[in-house]
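Encoded as structure tokens, the structure appears first; notes follow it.
Every read-out reported here was derived from the displayed coordinates using simple, explicitly stated rules and does not represent laboratory data. Since this is a predicted model, take the numbers as computed values, not measurements. Every residue, glycine among them, receives a Cβ derived from its backbone with ideal geometry; neighbour counts consider all protein chains shown.
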Amino acid sequence: MILISRPRPHMQRTLQTLQNAGITPENIVSFVLAEPETLPISIPSETTALILTSPLACPALAVHPQALTLPVYAVGPTTAEAARALGADVVLIGTDNGHTMAHDICQQETRLQTFAHLHGDHAGMDWHTILTDAGHTVTPLAAYHTHHVEALPTAVAQRIAAEGFPAFTLLFSAGSARHLANLLKHANITPSGTALCLSEAVATEASTHWPHTRIASQPTLEAVVALLAQAEHE
């Protein structure tokens, strides 16, 4: 059995990818972990480039066609895909790690940029100093607010009670891993099995709650599903 909890915009694609990989619905326990609310933003006129650290920031960008002409630095492949769907020019794709992306930007950029960073309300931004220390300017813009569910759905808790904790939990962000762990704790459920993680940052958080963690070869949904297929056959 597989446990999946994702923000609503990601859930359908996740379930479809699992189905395409041969995972049947009866082997999946899933629920929507969060509902994002797009926030209005005002992009400063002096902005020369955009940084996106979540695909959920893209709806806020969609209503600013002039900003879509600016180069976009995406934290990872999923964010890059969402930005390109809007017609944005993605010039750098990171590995879903803000610090690494900031260092990559500093190595790639030969001129100083005035960045606007579109982010969610739980985004870490301590890596901004890597850019500002190099002479760049970064303006953070909250592009969405996340409304997390406050309790584990009853149907999910009942199924876990009846069938045991799923052998595999798919985790795609450190924040989601933390919130899911808190929901389970409040439902008096202790995670077991293996957390299959999108990246090292996700695995670091998951390791404080799950007894076993594994990291996908790349920070993509497809790589996590491939890791699941591998783990199931071991």
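What spacing in nm lies between the two simple spin-label points modelled at Ser217 and Thr17, each 7 Å away from Cα in the Cβ direction?
Result for the modelled spin labels: 1.5 nm.
Given the chain, what percent of its DSSP beta bridges are antiparallel, to the nearest 5? Walk me through the numbers on the way to the answer.
Working: 5 of 40 bridges.
Of all bridge pairs located within the chain, approximately 10 percent are antiparallel.
Can you give the net charge of the other residues whose Cβ lies under 12 Å from the Cβ of Thr48, counting K and R as +1 and D and E as -1? Before the final figure, lay out the partial values.
On the way: positive: Arg111; negative: Glu46, Glu109.
So the environment of Thr48 carries a net charge of -1.
Compute the angle between helix 221-232 and the longest alpha-carbon principal axis of the chain, please, reported from 0 to 90 degrees and rounded to the nearest 10.
For 221-232 against the chain, the angle is about 30 degrees.
Give me the distance between the Cα centres of the range 2-47 and the range 140-190, rounded to whole Å.
If we compute the Cα centre of each part, the gap is 13 Å.
Give me the angle, in degrees from 0 to 90, between the Cα long axis of helix 154-163 and the longest principal axis of the Cα atoms of the chain, rounded to the nearest 10.
With rounding to tens, the tilt is 50 degrees.
Compute the semi-axes of the equivalent ellipsoid of the range 39-146, taking the square root of 5 times each eigenvalue of the Cα gyration tensor, and list them largest first in whole Å.
Working: eigenvalues 69, 42, 39 Å².
So the equivalent ellipsoid measures 19, 15, 14 Å along its semi-axes.
Specify the angular offset, from 0 to 90 degrees and rounded to the nearest 10, of the alpha carbon long axis of helix 98-108 from the longest principal axis of the alpha carbons in the chain.
40
Once you list every other residue whose beta carbon is under 13 Å from the beta carbon of Pro7, what net charge do they have if Lys and Arg are +1 and Asp and Glu are -1? Numbers along the way, then the final one.
Values: positive: Arg6, Arg8, Arg13; negative: Glu35, Glu37, Asp121.
Taking every Cβ under 13 Å from that of Pro7, the sum is 0.
What length, rounded to one decimal in nm, is gained on full extension from Asn188 through to Ala155, with 0.36 nm per residue of separation minus their alpha-carbon distance?
Working: separation 33, 0.36 × 33 = 11.88 nm, distance 1.47 nm.
Contour length minus Cα-Cα distance gives 10.4 nm.
Given H placed 1.01 Å from N in the peptide plane, which residues other than close sequence neighbours of His212 have an amide H under 5 Å from its amide H?
Long-range HN contacts for His212: Ala195.
Under 16 Å from a label point 7 Å along Cα→Cβ of Ala226: give me every residue in the range 161-205 with its amide N that close.
The answer is 197-200, whose backbone nitrogens lie closer than 16 Å to the label point.
Where in the range 36-74 is the amide nitrogen less than 12 Å from a point lying 7 Å along the Cα-to-Cβ axis of His122?
It comes to 36, nothing else.
Once you put a point 7 Å from the Cα of Glu234 and another 7 Å from the Cα of Glu163, both along the Cβ direction, what distance in nm separates them?
Each label point lies 7 Å from its Cα, and together they span 2.2 nm.
What are the ³J(HN,Hα) values, in whole Hz, obtained from phi via the Karplus relation 6.51 cos²θ - 1.76 cosθ + 1.60 with θ = phi - 60°, for each residue of the range 186-199 in sequence order, with x given for Gly and Pro?
Residue by residue, the range 186-199 yields 5, 8, 6, 10, 9, x, 9, x, 10, 8, 9, 10, 5, 8 Hz.
Peptides 170-178, 200-208, 187-195, 132-140: what's the order by average Cβ count within 10 Å, highest mean first? Write out the running numbers ahead of the final one.
Details: 170-178: 23.3, 200-208: 18.7, 187-195: 16.6, 132-140: 14.8.
So the order, starting with the most tightly packed, is 170-178, 200-208, 187-195, 132-140.
Just round it to a whole percent: the fraction of Cα-Cα distances in the chain exceeding 25 Å.
Values: 11688 of 27261 pairs.
In whole percent, the share of Cα-Cα pairs in the chain beyond 25 Å is 43.
What FRET efficiency would be calculated for the residue pair Thr95, Thr48, taking the C-beta separation as r and a Förster radius of 22 Å, to the nearest 0.05? Mind showing how you got there, number by number?
Details: r = 24 Å, r/R0 = 1.08.
Step by step, r from the Cβ atoms, then E = 0.40.
Compare the Cα positions of Leu39, Ala123, Thr69 along the charge dipole of the chain (+1 at Cβ of Lys, Arg; -1 at Cβ of Asp, Glu; about the Cα centre) and return the one farthest towards the positive end.
Leu39
When ranked by the protection proxy of mean other Cβ atoms within 10 Å per residue, highest first, what sequence do the peptides 149-161, 91-103 form?
Details: 149-161: 14.0, 91-103: 19.5.
Peptide ranking by packing, descending: 91-103, 149-161.
Report the net charge of residues surrounding Leu68, where surrounding means a beta-carbon distance below 12 angstrom and charges are Lys +1, Arg +1, Asp -1, Glu -1. All intermediate terms of the calculation are to be shown ahead of the outcome.
Details: positive: Arg84; negative: Asp89.
Charge balance near Leu68 sits at 0.
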